[in-house]
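Worksheet: the structure to be examined is printed underneath.
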Amino acid sequence: TLSLQLVPLNPPVIQAPFAYFCKDKLRILFVSQAVKVARSVCGFSSKIEVECRSTAEGREAAAAGADIVMLDNFQPQELHVAARDLKNEFPSLQIEASGGVTPENVASYFSSHVDIISLGCITQGCPVSDFSLKVQKPGANNSLPVVKVHIT
């Protein structure tokens, strides 16, 4: 099993904004190389999503075969232009808007060119629940197995 994790580098190193570890060595990739490596590992049934910080990165990811381009931290008007341009060039590409989207401003991200809108506040602002499941072994204390659920 090959584990491949692509991590955006900030700031990009020599215009190669993705890195991964292979045999304990850091490898630097361009967006197009990263998509090709991911596709070779994951197979045909997996979707490849690339987080992009610019329209140029989105175009490169789409041209390399990414299924979803996440336009991250774009202002709404900038997002609409980028999404329209990418959809015109790559009609089957899915566009995701993410970063800075809140329940108060989500409507400004709506567009016929944006397929997915992610709100990090939905998961980042949730209270934590400690959930544990303890199962006793059958026959312990000559009783039936007992399942206890403890939620705090």
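The values are calculated or read from the model by the stated rules, or taken from the named source; none is laboratory data. Predicted, not measured: the structure shown is a model, and the values here were computed from it. Here the Cβ is made from the backbone with ideal geometry for all residues, glycine too, and neighbour counts use every protein chain on show.
Quick rundown of the values:
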quantity: Strands (runs of 3 or more DSSP E) (entirely within the stretch 9-107) containing at least 1 residues that are modelled with pLDDT of 80 or more and within 23 Å of C121 (Cα to Cα); calculated: 49-52, 68-72, 94-98
quantity: Residue match in the stretch 141-150 (condition: assigned to a strand (DSSP E or B), modelled with pLDDT of 95 or more and in contact with a strand residue (DSSP E or B) (Cβ under 6 Å, 6 or more places away or on another chain)); calculated: no
quantity: Flag for S111 being under 16 Å from V35 (Cβ atoms) and either of a type in the set (G, A, S) or not in a helix (DSSP H, G or I) (or both); calculated: no
quantity: Residue list for the stretch 59-91, filter: surrounded by fewer than 17 Cβ atoms within 10 Å (Cβ to Cβ) and charged (D, E, K, R); calculated: D67, E78, R84, D85, E89
